[in-house]
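Notes follow the structure.
The values are calculated or read from the model by the stated rules, or taken from the named source; none is laboratory data. Just so it is clear, the model here is predicted, and its values are computed rather than measured. Neighbour counts are summed over all protein chains in view; Cβ atoms, including those assigned to glycine, are modelled from backbone coordinates with ideal geometry.
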Amino acid sequence: MTKRADPSDLDRRLARLAEATAELAPSGDDDALYARLAAQPSPPAADLELRLAELGGATRALAPSASLADAVVGKLERSRPAAPSTIDGVSRRGPWALAFAAAIAAASLGLWLQTEEDLGDALVAGVDSMEVGE
Amino acid sequence: MAGGDRDGAAQDRAVDLRLLAARVERGDLAAFRSIVEHTKAPLFRLAARLVGDLAEAEDALQDAYVQAYRALGEGRYDGRAKLETWLYRVVTNTSIDTLRRRRERIGEATREARHDGLVSAEARVALGELDALLRALPPGERAALVLVAVEGLSAKEAAEALGCSEGAIEQRLVRARAALRTRSEERQVSDDEAG
């Protein structure tokens with residue numbers, strides 16, 4: 001047979017517990033509150049979770065187009081910069097390349113004219129010496 | 001990341017993908033094509049569930065892969081997370097951008113890609129129902145709900161995918177569920193009045 005608690009003892013104990021818990025206050029931790037709310041869905045929410053899970057299962061068979069990889073690679077190739085050509089090189093070096101080419105052309109022309117003149121002089125001298133010999 | 005619906009990639013395949021990623025960093029487009037072929041199925045499912053439309057999902061996935069290729073080329077994948085996890089994050093963000101653009105241009109059809117994959121009628125109907133159910137939610141709340149309730153991610157994994165705190169995910173879930181519950185109750189009332 002168990003001993004029954006004295007009602008006055010019980011009242012005193014409840015009063016002590018009330019005093020001991022009087023300072024309890026919410027922690028202000030909203031994240032923890034939201035986590036608990038999220039973990040305990042109400043009945044309609046449970047239905048919603050179930051339906052979403054079912055829709056997840058029903059959409060497992062979704063597949064991309066067979067040409068997806070080709071489309072991606074095509075986009076990447078189109079967006080790649082073109083390989084540099086000789087013309088690109090000349091236009092990048094710009095004024096320096098043009099000045100250098102002009103100087104080379106002028107020097108070549110001068111050399112050609114000088115050679116032409118020397119050759120003419122040599123021919124004239126040759127003809128003169130032949131006439132003197134006759 | 002251990003999502004309930006993603007393919008359980010074997011460790012050796014993960015190693016291969018990292019090697020492929022290293023080759024892509026040196027500009028190897030063929031290696032990137034291999035990455036696309038290996039990862040496209042689960043990532044397409046993710047994009048489709050997030051945006052709720054096959055053609056828009058195809059578009060979002062293509063954009064995500066282009067962004068991923070550039071990021072790999074610029075050395076922005078540090079290799080700390082598995083490549084699949086990193087790509088999962090890229091696709092999630094691209095899909096959210098797609099949802100935001102959709103809200104900005106209601107009624108306009110500016111899709112580039114067309115989806116011609118083999119999809120069962122049941123899967124199409126289910127995707128349509130999922131989109132109708134979630135259409136009214138803001139993109140961030142919709143994404144949180146899809147990642148947790150449809151993809152089967154934990155709050156921590158969803159937070160990693162969306163680049164926010166777990167607390168933010170929980171808040172979005174509470175708001176999304178409350179909005180859907182309210183909508184469902186309103187529809188019930190209007191059905192009762194009509195009946």
*Extreme residue, surrounded by the most Cβ atoms within 10 Å (Cβ to Cβ), among residues of the stretch B:155-167 that are more than 20 Å from A:R51 (Cβ to Cβ) and more than 8 Å from every other protein chain (Cβ to nearest Cβ)*: B:A161
*Within the stretch B:95-115, can one find any residue that is in a helix (DSSP H, G or I), touching a Leu at 6+ places or on another chain (Cβ under 9 Å), β-branched (V, I, T) and away from chain A (no Cβ under 13 Å)?*
yes
_It is to be established whether one or more residues within the stretch B:41-48 are free of Cβ contacts under 8 Å to residues at least 60 places away in the same chain, touching a Leu at 6+ places or on another chain (Cβ under 6 Å), over 20 Å from B:L134 (Cβ atoms) and within 11 Å of chain A (Cβ to nearest Cβ)._
no
*Does at least one position in the stretch B:139-152 carry a residue that is buried (at least 22 other Cβ atoms within 10 Å of the Cβ), among the small types (G, A, S), touching a Ser or Thr at 6+ places or on another chain (Cβ under 7 Å) and at pLDDT 95 or above?*
yes
*Would a scan of the stretch A:46-56 turn up a residue that is more than 7 Å from chain B (Cβ to nearest Cβ), modelled with pLDDT of 70 or more, touching an Asp or Glu at 6+ places or on another chain (Cβ under 9 Å) and closer than 30 Å to B:A57 by Cβ?*
yes
*Only one of B:R76, B:R89 is over 20 Å from B:P139 (Cβ atoms), more than 9 Å from chain A (Cβ to nearest Cβ) and basic (K, R); which?*
B:R76
_Given (1) touching a helix residue (DSSP H, G or I) at 6+ places or on another chain (Cβ under 8 Å); (2) in a helix (DSSP H, G or I); (3) closer than 21 Å to A:G57 by Cα, number of the condition B:Q62 does not satisfy_ = (3)
_Please go through the stretch B:138-153 and give me each residue that is touching a residue at least 40 places away in the same chain (Cβ under 8 Å), over 14 Å from A:L48 (Cα atoms) and more than 9 Å from chain A (Cβ to nearest Cβ), ordered by number._
B:P139, B:G140, B:A143, B:L147, B:L153
*Would you check if B:E129 is among the acidic types (D, E), more than 10 Å from every other protein chain (Cβ to nearest Cβ) and either assigned to a helix (DSSP H, G or I) or under 17 Å from B:R172 (Cβ atoms) (or both)?*
no
